[in-house]
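Here is the structure we will look at.
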Amino acid sequence: MPEGGEYYGKNGEPRKHDPSFRGPIQNRGCTDIVCCILFIIAILGYIAVGILAWSQGDPRKVIYPTDSRGQFCGQAGTPLEKKPFLFYFNIMKCASPMVLLEFQCPTTQMCVEKCPDKFMTLIKAYAVNSDFAYYKNFCEEGVTNTMGVAEILKQRLCPAMLLPSKPFTRRCFPALGMKGGVITVGNSSTFNDGNEIRNAQDLVAGVQNATVVMEARQVVMKIFEDFTHCWYWILLGLVIAMIISLVFLILLRFLAGIMVWVMIAMLVAVIGYGIFHCYMEYAALKGEAGANVTIKDLGFQTDFTVYLQIRQTWLAFIIILAIVEVIIILLLIFLWKRILIAIALIKEASRAIGHMLCSLFYPLFTFLLLAVVIAYWGVTAVFLSTSNQPIYKIFNETNCDYSRQTCDPANYSTSPMKAQCADSKCLFAFYGGETPYHKYLIALQFYNVFLFFWCANFVLGLGQMTLAGAFASYYWAAKKPDDIPAFPVFSSFGRSLRYHTGTLAFGSLILSIIQIIRVLLEYLDHKLKGAQNKFAKFLLCCLKCCFWCLEKFVKFLNRNAYIMSAIYGKNFCTSARDAFFLLMRNVIRVAVLDKVTDFILFLGKLLIVGLLGVFSFFFFSGRVKAFQNTAPTLNYYWVPILTMVVCSYLIAHAFFSVYSMCVDTLFLCFLEDLERNDGSPERPYMMSENLLKILKKKNKTDPAQ
């Protein structure tokens, strides 16, 4: 068996030596033309869907709430411009199961200037002119002082009572609570009178089922408020993360070995400090009242700082961090020698990137293209979802044969349906339609999602092939950097778009089909959550697992296929086959060296995230006195911390992805070099002297020279 675990036979034959080969082939032709044409047609269709959606859609349906007549609350240039909030006559109806089916509360809804801020019943308000004048702000037009209470309620012109409410997403929700075992409304009002309690019992019973939802909404509002107070600090933290990532990569070019070991040591130290800090918090809570309560007994709390007051939370943190620390130490012990080889690959990648620094900023271009794809998908989805027509249905209190049937509000008062069901009303229900466009709206939404996956994967693949072509030109240069072509990243980008758009479309199409199947499986899983068929659940779980593995494999195959296509200019299937067989012939090196390198780069991401996370924790939590006057006052200090941690990881991942792509490209070129050449004067190795030294190989000189 050849060195390194290579074996031929059914895994294909290695490439023969080509004395004229000097890196990415310049004389190449277009590949996968059929798939390229299909992709262009799909893009044109995607543009047509967007134009159709923009001509039919109305995003005001998302921005503004809609009253019972289908009018938009707060829309500029309309009579409701100064009435931005939606008020429900009887919000208890919103707790009905029918709402889940029709997405509309079967109660009168009207636009108001502000939500009610006091508790008041129609009977009591009617007796006082000033109160009734205030009450009429929440009644439909036509209510006068000469009308009796019974007549007003019979015609459903006013709600039976008002509750202090707070606006959320421009909708008035009652501010109910408990104080001393008494039902409270707003901040101070209570139901003390017996009649008031009886009148309010049904309303409270209907709202109490939505308590968890209301609490969740309050949490969302507080989180949004925190973002408004600290967004500039978050942006500053992300800029710092970008600078740290860039500095880290620059230092890695000159001090790769030292930086890797320092990075590993700092990661171990950061996790060790985390264990120490958690232990100190755990010990400090010893003997404190309520500190021994378990998380299970505490249950779900909207104020997450409560969990930090119990010992079990800090004990869980200690255990998790200790397990991570032990795993990292064991990996370092058993992969010590492989890490040395991985450091050599990183050094070589550092040199390659050093000769083409513009490659570090290519992820910004990829991010810009992805932002365009995401924006187009999001805008098209909004316009498609709001391109329906208003549908009105009959809502009634008593039995009615016409209940939930469509109606026309313009002439409903004189219609036979109103005559038969006197207490019914024709209210706005939802947006829909009966035209062919509305019938195929679901298909258009599906097409929108599928093209989103296809275009996003195409953009990512374009970035991979562009960087692969640039780094391959570095590896195969006989004299570095003299033989490296000018503007290698730009040249590789041009080759990828000009010759391999079809190859990129082919690979991204396969991946998109798998991803859309995974989305459908997740949808089915959501729909079958209440199903009792255990076999169906098991089968669905197996399918989800299989397609997850398949997606990971296709991503791996696509990545290496793009590298081979960037070098040799072959179509997708040929490139994927050659890459797969090349990796299988060197399976030991693939399983160890390449993955160890990925692991080291992953540790670099964790280090950057850890440093920024620790700094943001001490800054926003106020644990350091020097920051107490500078840090903003927040409801949840973990909001900016979590945001900065997630975003800093994405930033670090963008920069490190260039390194990862460089290492993968050099690794494939390295394997090709070992198979093509033998170090003789006729077939010299193209790898650097450093790699030759690590592999204990050398290029033999010609004795005649």
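The values are calculated or read from the model by the stated rules, or taken from the named source; none is laboratory data. From a predicted model like this one, the values you see are computed outputs, not experimental measurements. No Cβ is skipped: glycine too gets one built from the backbone with ideal geometry, and neighbour counts run over all protein chains shown. What goes into the accessible areas is simple: the full protein's heavy atoms, side chains included, and nothing from ligands, DNA or RNA. Shrake-Rupley method; radii C 1.70, N 1.55, O 1.52, S 1.80 Å.
Overview of results
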{"read-out": "Solvent-accessible area, 1.4 Å probe, carbon plus sulfur percent, for the range 470-572", "value": "68"}
{"read-out": "Carbon + sulfur, % of accessible area of the range 644-689 - ligands and nucleic acids excluded, 1.4 Å", "value": "63"}
{"read-out": "Cβ-Cβ FRET estimate between Lys527 and Lys154, R0 fixed at 35 Å, reported to 0.05", "value": "0.25"}
{"read-out": "Long-range HN-HN contacts of Ile391 with modeled amide H, under 5 Å", "value": "Ala429, Phe430, Tyr431, Gly432"}
{"read-out": "Under the Karplus curve 6.51 cos²θ - 1.76 cosθ + 1.60, θ = phi - 60°, whole-Hz ³J(HN,Hα) for the range 500-506, x wherever Gly or Pro sits", "value": "10, 4, x, 5, 5, 5, 5"}
{"read-out": "5 angstrom amide H check on Arg171, placed H, neighbours 5+ away", "value": "Leu86"}
{"read-out": "Amide H within-cut-off set for Thr108, under 5 Å, with H built and near neighbours excluded", "value": "Phe89, Asn90"}
{"read-out": "Efficiency of FRET from Cβ geometry, Ile319 and Ile51, R₀ 60 Å, rounded to 0.05", "value": "0.60"}
{"read-out": "Span from the the range 252-286 Cα centroid across to the the range 104-179 one, whole angstrom", "value": "60"}
